[in-house]
1. Could you tell me which numbered condition B:Thr76 fails, if it satisfies all but one of (1) farther than 30 Å from A:Val104 by Cα; (2) within 28 Å of the chain's Cα centre (by Cα)?
2. Grab the helices (runs of 4 or more DSSP H) fully contained in the stretch A:63-130, keeping just those with 3 or more residues being under 15 Å from A:Leu157 (Cα atoms).
3. In this structure, is B:Gly317 out of contact with any strand residue (DSSP E or B) (no Cβ under 9 Å at 6 or more places or on another chain), in a helix (DSSP H, G or I), under 26 Å from B:Ile42 (Cβ atoms) and of a type in the set (Gly, Ala, Ser)?
4. Where residues in the stretch B:327-378 are in a loop (DSSP other than H, G, I, E, B) and within 14 Å of chain A (Cβ to nearest Cβ), which of them is surrounded by the fewest Cβ atoms within 10 Å (Cβ to Cβ)?
5. Filter the stretch A:81-95 for residues that are touching a strand residue (DSSP E or B) at 6+ places or on another chain (Cβ under 7 Å) and facing chain B (nearest Cβ under 7 Å); which is modelled with the highest pLDDT?
6. Does A:Gly140 satisfy being on the phi > 0 side of the Ramachandran plot and in contact (Cβ under 8 Å) with a residue 12 or more places away in the chain?
7. Could you say which residue among B:Thr272, B:Thr249 is outside the structural domain of B:Gly181 (by TED's automatic domain parsing) and surrounded by fewer than 14 Cβ atoms within 10 Å (Cβ to Cβ)?
8. Kindly indicate the residue of the stretch A:131-154 that is touching a Ser or Thr at 6+ places or on another chain (Cβ under 9 Å) and assigned to a loop (DSSP other than H, G, I, E, B) and also surrounded by the fewest Cβ atoms within 10 Å (Cβ to Cβ) among those meeting that condition.
Amino acid sequence: MNLLELKDISKIYGNVKALQDINLEVSQGEWLSIMGPSGSGKSTMMNIIGCMDKPSNGSVILDGADISKESARGLTDIRRDKIGLIFQQFHLISYLTALENVMVAQYYHSMPDEKEALEALDRVGLGERAKHLPSQLSGGEQQRVCIARALINYPMLILADEPTGNLDEANESIVLDIFKQMHADGRTIIVVTHDPEVALQAQRTVVLEHGKVARIINNEQDTGR
Amino acid sequence: MKRQTMYLRMITSSLVRRRSRLLVALLAVAIGATILSGLVTIYYDVPRQLGQEFRSYGANLILVPAGDEPSIDRDTAQRAVDLIPKDEVVGIAPYRYETLKINEQPTVVAGTDLEGVQKASPYWFITGEWPTSSKSVLIGQEVADLIRLTPGSSLTLNGTGAEGQAVSANFTVSGIVQTGGTEEAFVFMALADLEAMMGDSGKLNVVECSISADQDDLDKIVKNISNNVEEVSPRLVKRVTESEGTVLTKLQALVYLVTVVVLLLTMICVATTMMAVVAERRKEIGLKKALGASNKSIVIEFLGEGLFFGALGGLLGSGLGFLFAQVVSMNVFTRAISFQPLLIPVTVVVSIAITGLACLLPVRSATDVDPAIVLRGE
C-alpha cells in the first residue's frame with residue numbers, strides 16, 4: 001500500500017523549473033533515499049513532500065488524500081499530524097533543554113507529556129542528557145534529540161534532510177543505527193542525502209538531475225540484501 | 001503536563017535564558033513606566049504642592065463688610081471663617097485699622113492676630129523680631145524711614161478713641177516689616193493692644209484668609225459664605241488665585257505632553273527591540289511552524305513574552321516612578337510627595353497595553369516567516 005504518491009509534479013520559480021514531471025510512489029514502511037547534485041531539486045522535493053511548499057502542477061497523495069491544493073493552514077495541520085522532520089542543522093531551540101525541545105513537538109501536536117518525551121530521549125540514548133541545553137550537547141547528541149522530537153508524535157512519514165551531514169563517522173553510525181531501528185519498527189522514511197553510504201542504507205534510491213528523476217536504484221537488489 | 005504549563009515554561013525559558021536582548025526591551029518599558037508613573041504622581045500632586053507654594057504669596061480670600069458697613073462684628077466674622085473647611089485653612093488674619101499719629105504724622109495702625117499673619121503672609125520679611133509681648137509693634141519700612149526708628153526704639157501713638165476721647169500709649173518697635181506693598185506704610189500690633197487703646201472691641205475691617213484649595217473649591221467657599229453670612233462679603237484675591245490656576249494648567253499640560261511623548265518613545269523602543277527579536281529568531285519561528293505551530297500559536301507566544309516583560313517593566317516602573325516623583329518634588333517644591341497605591345495597577349496595565357501595541361507589528365511579521373525558506377538557511 002502506498003503512503004505517498006507524487007503524480008506529474010512540477011515546481012516552477014519564475015523561469016526556473018526546479019522540478020519537472022516527477023512521478024514517485026513510496027509504500028508504507030519503505031525507506032527511500034533521494035540523491036542528486038546541488039540544484040537537482042532535492043530541497044524543493046523535500047519541501048513539497050514535507051508540506052512546506054506546494055507544487056506548481058501535479059498532485060501529492062499522502063495517506064490517500066490529495067494535499068497539493070491544501071491551504072497553508074491545512075498543510076500546517078498535515079505536517080503536524082503526519083510528518084516528522086529531521087534536519088541537517090538539527091534546529092533545536094537554543095533556550096529549551098533537550099527534554100523541552102521534544103515536548104515542543106507534543107505541545108503543537110496535542111498535549112505535552114514529560115514522561116513520554118523522556119522515554120523518547122531514552123530510546124535515542126539521551127535519557128541522562130534530558131536537562132541539558134543544546135549548547136551543552138555534541139552534534140551527534142543534538143541530532144538524536146532532533147530524531148526524538150521527530151518521532152514523538154508517531155508520524156506516518158519521517159522526512160530527513162541530510163541527517164548525517166554535520167556528523168563525524170562515529171555519530172553518523174549511531175544515527176544510522178537509529179534509522180535502521182525506525183525502519184525495523186515499520187516507519188516510512190525518506191532521506192535526502194549527498195552521501196552514497198547513507199543512501200545505500202535505504203531500500204531504494206531516487207537520483208534527481210536537473211529537476212527530473214534520472215534513475216531509481218533498488219539497493220536491496222544491488223547489494224543482495 | 002497541561003498546555004498552559006508548557007506555554008509558561010517556554011515563555012519563561014525564553015525570557016530567562018535569552019535575557020540580554022529582552023533586558024533592553026524590559027529596560028525600555030521600565031524607564032517608560034517610571035516616567036509615566038512619576039509624572040502621573042506629580043500630575044496629581046502638583047495642585048496640592050502648588051497650592052501650598054502659592055500660600056506663601058499671601059491670602060487668596062478676604063472677608064470685608066457687606067454693603068456700606070464700615071466694619072464686621074468679630075462673632076460674625078468667626079461664623080464666616082467657620083464655613084471654611086478646617087483642613088484647608090493655612091492661616092487667618094483679622095485686621096482692624098485705625099488712623100493714629102506718631103510725632104504728629106498720621107499713620108495707619110493695624111491690630112491683628114500676629115500669629116495668624118505669620119501663617120497667612122509668610123512672605124513678610126522682618127528685620128528684628130515678631131512682637132512676642134503686648135506693647136510691642138511691627139512698623140513698616142516706610143514708617144521706619146520716615147520717623148527714623150529701628151528695632152528696640154520706642155514710639156508714642158496718640159489719637160482719638162472710640163468715644164471721642166484722646167488716647168495715647170507708648171510701644172516698643174520689635175521689628176521692621178518689608179513686603180513690597182502697602183503694608184510698609186503701616187504699624188502692626190496685637191488686636192487686643194489696639195482695642196485696649198481705642199477703648200472698644202469686637203470690630204474688624206477685613207479678615208485675610210489663606211486657604212489651600214483650587215479655584216473651584218474657593219468659589220464654593222465664597223458662595224457658601226455669601227449665602228449664609230449676609231453681613232460679610234467674601235472676595236477672592238484674583239491676582240493670586242488666577243496665577244495659581246494659570247500656572248497649574250500650564251504645568252499639567254506640560255506633564256501630559258511629556259507623558260505622551262515618553263509613552264510613544266517607549267512604544268518605538270519596544271517595537272524596534274521586538275522587531276530585532278523576531279529577525280533574530282526567524283529560524284526558531286520557522287522551526288516551530290515546521291513542527292506544526294499555527295500562526296495563532298506564534299502570535300500568542302511572542303505576545304506572551306512581550307506582555308510578560310510589559311507587566312514586569314510596569315511593576316518596576318511604578319516603584320521607581322514614585323522615587324522619581326519624590327526626587328522631583330523634593331527638588332522643585334522641597335516637599336515630600338504622597339504615594340498613590342492605585343498608580344501601581346494603573347502603571348502595570350498601561351505598560352502591558354503599550355507593550356502589546358508595540359508588539360503587534362513585530363508579531364505580525366513573525367507569522368510571515370516561511371518555514372521552508374528559514375530551514376534552508378536563506
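The values are calculated or read from the model by the stated rules, or taken from the named source; none is laboratory data. Nothing here was measured: the structure is a model prediction, and the numbers come from that model. Cβ atoms come from the backbone with ideal geometry, glycine included; neighbour counts cover every protein chain shown.
1. Among (1) farther than 30 Å from A:Val104 by Cα; (2) within 28 Å of the chain's Cα centre (by Cα), B:Thr76 violates only (2).
2. Values: elements: A:72-82, A:98-109, A:114-123.
Hits in the stretch A:63-130: A:72-82.
3. Details: out of contact with any strand residue (DSSP E or B) (no Cβ under 9 Å at 6 or more places or on another chain): yes; in a helix (DSSP H, G or I): yes; under 26 Å from B:Ile42 (Cβ atoms): yes; of a type in the set (Gly, Ala, Ser): yes.
When the stated conditions are applied, B:Gly317 passes them.
4. We begin by selecting, within the stretch B:327-378, every residue in a loop (DSSP other than H, G, I, E, B); these are B:333-342, B:367-370, B:376-378.
Restricting the remaining residues to those that are within 14 Å of chain A (Cβ to nearest Cβ) gives B:367-370, B:376-378.
Working: B:Thr367: 16, B:Asp368: 10, B:Val369: 21, B:Asp370: 17, B:Arg376: 17, B:Gly377: 11, B:Glu378: 8.
Restricting to residues being in a loop (DSSP other than H, G, I, E, B) and within 14 Å of chain A (Cβ to nearest Cβ), the top hit is B:Glu378.
5. Taking the stretch A:81-95 as the starting set, the residues that turn out to be touching a strand residue (DSSP E or B) at 6+ places or on another chain (Cβ under 7 Å) are A:82-88.
The next check asks that each one be facing chain B (nearest Cβ under 7 Å); those that pass are A:85, A:87.
Values: A:Leu85: 92, A:Phe87: 89.
Among residues in the stretch A:81-95 that are touching a strand residue (DSSP E or B) at 6+ places or on another chain (Cβ under 7 Å) and facing chain B (nearest Cβ under 7 Å), the one modelled with the highest pLDDT is A:Leu85.
6. On the way: on the phi > 0 side of the Ramachandran plot: no; in contact (Cβ under 8 Å) with a residue 12 or more places away in the chain: yes.
In short, no.
7. Working: B:Thr272 fails: surrounded by fewer than 14 Cβ atoms within 10 Å (Cβ to Cβ).
Only one candidate passes the filter, namely B:Thr249.
8. A:Lys131
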